[in-house]
Amino acid sequence: MSLKDKLITSYFAVEDYIDADSHIHDLRNTAIKSFEEKGFPTKKEEAWKYTPLNAILKEDYCVFPKKENTIEFKDVKKYFLHEIDTYKIVFIDGIYSSFLSETTHDKVDVCLLSAALSKPKYKAVIENYFNKVAKDDSLTSLNTAFAKEGAYIVIPKHREVEKPIEIINFATGNEAALFLQPRNLIVVEENAHVQIIERHQSLTSNPVFTNVVTEIFTEKNASIDYYKIQNDNHSASLIDSTFLLQEQGSNACVHTFSFGGKLTRNNLNFYQKGERNNSTLKGVTIIEENQLVDHHTLVNHIAPNCESHQNYKGIFAGKSTGVFNGKIIVEKEAQKTDAFQQNNNILITDNATINSKPQLEIFADDVKCSHGCTIGQLDEEAMFYMQTRGIHKKEAQALLMFAFASNVLESVKIPELKARITKLIANKIGVDLGFNL
Amino acid sequence: MLQIKNLHAGIDNEEILKGINLEVKAGEIHAIMGPNGSGKSTLASVIAGKEEFEVTQGSISFEHEDIAALAPEERAHKGIFLSFQYPIEIPGVSVTNFIKTAINEGRKAKGMVDMPASEMLKMIREKAELLEMDRKFLSRSLNEGFSGGEKKRNEIFQMAMLEPKLAILDETDSGLDIDALRIVANGVNKLRNDKNAILVITHYQRLLDYIVPDFVHVLLDGKIVKSGTKELAYELEERGYDWIKEEVKIV
């Protein structure tokens with residue numbers, strides 16, 4: 001049975017269990033129909049031209065984790081930002097781990113979607129926000145149909161969460177192959193601020209396929225800093241669809257660090273509904289062997305006087321493949337938009353590939369939009385310069401790559417996280433950080 | 001120290017250096033002058049080991065060892081330093097960290113352990129002072145957003161830190177105002193001793209007022225056509241290069 005058939009069959013098997021009498025039930029039914037019609041995307045679709053899913057879909061995935069698995073904290077400590085105090089929402093094989101988590105209901109809600117979907121006190125928020133910005137493409141629909149568990153974060157008005165929140169999804173490898181569909185809902189109310197770190201981590205080399213959907217709402221003057229750490233092992237694949245709806249004067253910044261995984265697809269969608277919004281999208285991709293990382297970004301400028309900044313850097317070695325498709329839509333009403341997009345790539349080997357495509361659709365006439373894309377090798381002159389100072393060619397290459405990638409980190413606001421990522425980048429590149437950068 | 005014999009070198013089958021002969025001894029300062037396109041920077045790059053250039057004939061030896069097959073970093077480890085006409089910007093790597101890496105790579109090549117941090121710091125302070133460099137300057141990204149003068153000062157700072165036996169200064173005076181020129185030249189002079197040598201590559205005589213050469217060579221169309229003492233530099237300043245071209249033709 002194909003994965004698609006398996007999923008549809010299992011949906012009808014479980015459909016009645018889940019919130020049969022709520023409006024969510026209708027959403028799910030619509031969503032599964034949408035997935036049934038569309039199926040998994042294929043290379044025939046323009047948006048999936050360079051990102052073939054067929055090899056991943058062939059595995060015989062377990063779609064419902066059967067039992068609660070446990071992990072010792074000491075075995076996974078390194079995946080947490082343990083240097084500082086954080087809230088933690090941790091899932092093991094898709095199931096909430098109260099042992100590893102640290103949630104809160106003190107003034108802010110940092111808890112579980114499963115609770116929010118079932119308890120009456122969350123009903124209003126769910127009705128107002130759940131599935132309100134997520135689109136009905138096939139993979140998002142598939143997630144909506146099965147959406148059951150994930151992070152539920154609501155930061156009320158004027159509240160600044162002092163601790164960053166970590167959302168971590170572990171896969172134990174207790175299943176031969178595992179399919180996961182976390183669903184996160186994040187609402188940052190007026191003037192509130194939050195920092196979130198998300199990561200997916202498989203603990204064995206058993207195949208894992210994650211189809212995660214995250215909806216983020218920033219109300220008036222709210223701000224969010226969101227960091228995605230994609231450094232999973234090479235048998236794990238991730239399709240991440242994130243949708244942000246920004247109200248007036250809000251600030252949303254998403255950093256995506258893609259170093260690991262077999263196939264990683266990021267669909268990052270910003271909708272600027274109110275005026276004077278600021279959106280920042282940054283990414284560093286460093287991959288090798290047969291890895292693939294695909295960034296599809298969309299910034300939809302709907303209202304006037306908004307800004308967006310995109311800066312994606314990629315370093316591709318081995319036979320790896322990179323995709324960057326950056327779409328900016330400036331609607332007719334969105335005058336005085338300032339949209340900037342930059343995508344720079346370095347190909348280290350002859351067999352590495354990057355497909356980079358800016359896509360600007362501008363319907364307003366008083367806007368500033370700029371984009372730039374470079375694909376190159378390392379600068380020979382810069383290498384020679386360093387060599388004349390006695391630095392070996394390999395070390396010079398590494399320093400140059402490090403310099404290329406690390407300037408994206410300037411905007412990372414959590415110093416401990418910045419130090420972590422700096423080290424990760426240094427490790428990936430093989431630069432000897434005998435000094436403090 | 002440096003011996004160049006009948007050196008022919010070029011790029012993409014185009015010969016740029018057409019038989020250079022040059023000998024530089026310890027304690028000497030040599031100046032290479034010549035009009036644009038005469039091959040001055042190529043000569044500097046070939047001595048430093050730039051791989052783009054192919055040596056087709058002749059030899060380069062440094063301290064009696066043929067260095068033609070060595071990589072640029074290996075030549076650096078032996079004590080050759082090239083100050084760039086256009087120093088490269090490397091964002092994200094500070095001046096301090098860059099020089100630390102360079103020094104320790106050199107020490108590693110000699111089988112030495114890393115320089116202790118305190119010693120490194122002391123040396124950095126001393127040499128920065130020598131070049132009248134601000135402390136803040138040292139934590140900035142290498143050459144990024146530096147003015148022309150700052151870039152050149154940073155080159156000589158690195159030279160001071162690396163203490164080369166042979167320093168090649170490629171158009172170090174270009175883009176410098178008179179104050180910066182004085183600081184840079186002063187730095188170079190203080191680094192001079194009877195064990196090292198300097199090869200100054202320049203367009204103008206101006207720098208040679210400050211860094212006084214023992215020998216001046218005129219490079220024309222890939223060949224050294226005339227050598228003399230510092231007076232030759234004044235003559236070139238006054239009369240230009242045309243008279244030498246005429247002389248060469250007659251010969």
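Entry note: the stretch A:187-331 has Rg to Rh equal to 1.01, where both radii use alpha-carbon atoms and Rh is the Kirkwood radius. Calculated from DSSP H runs of 4 or more alone, at -39500 (n - 2.57) each and per residue, what is the 222 nm mean residue ellipticity of chain A, nearest 500? Taking each H run of at least 4 residues, the total per residue is -6500 deg cm²/dmol.
Counting only other chain Cβ atoms within 10 Å of each residue's Cβ, the peptide B:65-75 averages 3. Between A:ASN211 and A:LEU180, A:GLN181, A:ILE239, the built amide H atoms are under 5 Å apart, and every one of these is 5 or more places off in sequence or on another chain. Segment A:GLU361..A:LYS332, full-extension length gain: 9.4 nm, with 0.36 nm per residue of separation and the alpha-carbon distance subtracted. Beta bridges per DSSP, both residues in chain A: antiparallel share near 5 percent.
Inter-chain neighbour count for B:44-55: the average number of beta-carbon atoms from partner chains within 10 Å of each residue's beta-carbon is 2. Diffusion coefficient (Stokes-Einstein, Kirkwood radius over C-alpha pairs, 20 °C, 1.002 mPa s) for chain A: 96 µm²/s, rounded to a whole number. Residue by residue, the stretch A:355-365 carries 3J(HN,Hα) couplings of 10, 10, 9, x, 9, 10, 10, 10, 10, 9, 9 Hz when phi is fed to the Karplus relation 6.51 cos²θ - 1.76 cosθ + 1.60 (θ = phi - 60°); x denotes Gly or Pro. Accessible-area loss of 50 Å² or more (1.4 Å probe, protein heavy atoms, chain alone versus all protein chains) is found in the stretch A:373-403 for A:GLU381, A:PHE384, A:TYR385, A:GLN387, A:THR388, A:ARG389, A:GLY390, A:ILE391, A:HIS392, A:ALA403. Label positions at A:THR104 and A:SER2, each projected 7 Å from the Cα along the C-beta direction, are separated by 4.7 nm.
Each peptide among A:74-84, B:144-154 gets the average number of other Cβ atoms lying within 10 Å of its residues, and from highest to lowest they stand as B:144-154, A:74-84. Accessible surface buried by the B/A pair amounts to about 2300 Å², both sides summed, 1.4 Å probe.
Normalised by the number of residues in chain A, what is the relative contact order in percent for Cα pairs under 8 Å and 6+ residues apart? Relative contact order comes out at 9 percent. With a Förster radius of 22 Å applied to the beta-carbon distance between B:TYR86 and B:ASP177, the computed FRET efficiency rounds to 0.80. A simple packing score, the average count of other Cβ atoms within 10 Å per residue, orders the peptides B:22-33, B:219-230, B:115-126 as B:22-33, B:219-230, B:115-126, with the highest score first.
Computed on the stretch A:22-176, the Cα convex hull volume stands at 164 Å³ per residue. Of the solvent-accessible surface of the protein assembly as shown, computed with a 1.4 Å probe and all protein chains present, 48% belongs to carbon and sulfur. Dividing the helix sum by the residues of chain B, where each DSSP H run of 4 or more adds -39500 (n - 2.57), gives a mean residue ellipticity at 222 nm of -11500 deg cm²/dmol.
Do any residues of the stretch B:99-134 show a loss of at least 40 square angstrom of accessible area between the isolated chain and the full protein assembly, using a 1.4 Å probe, and if so which? Buried by the other chains: B:THR101, B:GLU105. Packing-based ranking of B:190-197, A:294-301 yields A:294-301, B:190-197, ordered from highest to lowest mean Cβ neighbour count within 10 Å. Measuring between alpha carbons in the structure, the pairs from B:LYS122/B:LYS151; B:LYS151/B:LYS190; A:LYS132/A:LYS228; A:LYS368/B:LYS136; A:LYS77/A:LYS413 lying more than 27 angstrom apart are A:LYS368/B:LYS136.
Averaged over its residues, the protein assembly as shown has an accessible area of 42 Å² per residue, based on protein heavy atoms and a 1.4 Å probe. If you sort A:ILE302, A:ILE421 by accessible surface, 1.4 Å probe, largest first, the order is A:ILE302, A:ILE421. For the stretch A:252-293, backbone nitrogen atoms closer than 20 Å to the point 7 Å from A:LYS157 Cα along Cα-to-C-beta are found at A:274-275. For chain B, what D do you get in µm² per second when you plug the Kirkwood radius from alpha-carbon pairs into Stokes-Einstein at 10 °C and 1.306 mPa s? Result for D is 85 µm²/s. Taken one residue at a time, the phi angles of the stretch B:89-99 give Karplus couplings (6.51, -1.76, 1.60, θ = phi - 60°) of 8, 10, x, x, 10, 6, 3, 4, 5, 5, 5 Hz. Gly and Pro are set to x. Each part gets one Cα centre, and for the stretch A:263-333 versus the stretch A:169-183 those centres are 26 Å apart. Between amide H atoms placed 1.01 Å from N, distances below 5 Å from A:VAL187 occur with A:ILE153, A:VAL154, A:ILE155, A:PHE217, all of them 5 or more places distant or on a separate chain.
Note the full-extension length gain between A:THR70 and A:SER10 as 0.36 nm times their separation in residues minus their Cα-Cα distance, in nm to one decimal. Length difference between fully extended and current span is 19.1 nm.
Taking a ≥ b ≥ c as the square roots of the Cα gyration tensor eigenvalues, the stretch B:26-137 comes out prolate, since a/c reaches at least 1.5 and a/b is larger than b/c.
Under the simplified labelling scheme, the B:ARG192-B:TRP243 pair shows an inter-label distance of 2.6 nm, with each label point 7 Å from Cα along Cα→Cβ.
Could you list, in their original order, any pairs among A:LYS273/A:LYS357; A:LYS157/A:LYS357; B:LYS25/B:LYS226 whose Cα atoms are separated by more than 27 Å? Cα-Cα > 27 Å for A:LYS157/A:LYS357; rest within. Phi-derived couplings, Karplus 6.51 cos²θ - 1.76 cosθ + 1.60 at θ = phi - 60°, listed residue by residue for the stretch B:32-38: 10, 10, x, x, 4, x, 7 Hz, with x used for Gly and Pro.
The values are calculated or read from the model by the stated rules, or taken from the named source; none is laboratory data. Please read all numbers here as calculations on a predicted model, not as lab measurements. All Cβ positions, even for glycine, are placed from backbone atoms using ideal geometry, and neighbour counts span all protein chains on display. What goes into the accessible areas is simple: the full protein's heavy atoms, side chains included, and nothing from ligands, DNA or RNA. Shrake-Rupley method; radii C 1.70, N 1.55, O 1.52, S 1.80 Å.
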